[in-house]
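To start, the structure itself, in structure tokens.
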Amino acid sequence: MLKHLKRVEEEAVSPVIAVILLLAITVVLASVLYIIVSNLAQSSTKDVVYIGVVVETSGPNWTVRIVHAPTTLGTSRVELAVSYPNGTLALVPTPLSQYSGFIDTSPEGTLNAGDRILLPKSTYPIGSTIMLMDEDTIMCTQKLGD
């Protein structure tokens with residue numbers, strides 16, 4: 001006896017919808033991968049800025065002459081600190097715009113080649129170290145008398 005086989009049709013996703021779903025998944029994955037790779041390629045560190053100085057002696061003072069500085073550095077952003085030869089801090093970080101021994105040339109308010117910092121030799125002996133820095137980067141260190 002032959003049984004009548006009844007064909008059971010299962011419903012499935014139509015081929016058009018399946019292709020659209022696969023394309024959408026591919027686009028989303030490609031976008032996520034692109035974002036991850038582009039974020040890794042971007043540099044998260046700041047550009048390093050250096051300040052060039054020459055230390056000279058003039059009478060009772062050390063004269064720290066700026067010979068190179070980026071044009072974008074404001075004197076209120078750049079701080080001066082001095083440590084004694086033994087490493088203890090002699091002058092806490094002080095903005096150049098507030099340091100009485102800072103001589104600002106034009107344009108005022110911007111650190112430029114030709115600006116000078118006067119430091120009394122009686123306060124800061126040979127071997128003391130000056131540091132010029134902003135809020136998170138030391139841009140210059142120089143020993144006095146070297």
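Within the range 76-112, being of a type in the set (D, E, K, R) and under 23 Å from the mean Cα position of the chain (by Cα) holds for R77, E79. Scan the range 113-140 for residues that are within 23 Å of the chain's Cα centre (by Cα) and small (G, A, S) and the total you get is 1. Mind listing just one residue for me: the one in the range 95-146 that is assigned to a loop (DSSP other than H, G, I, E, B), under 24 Å from G59 (Cα atoms) and of a type in the set (G, A, S) and, of those, modelled with the lowest pLDDT? By that ranking, first place goes to G145. Residues that are aliphatic (A, V, I, L, M), surrounded by 13 or more Cβ atoms within 10 Å (Cβ to Cβ) and farther than 14 Å from R77 by Cα within the range 104-141 comprise A113, I117, L118, L119, I130, listed in sequence order.
The values are calculated or read from the model by the stated rules, or taken from the named source; none is laboratory data. All values derive from a computational prediction rather than experimental measurement. Note that we place each Cβ from the backbone using ideal geometry, even for glycine, and neighbour counts take in every protein chain shown.
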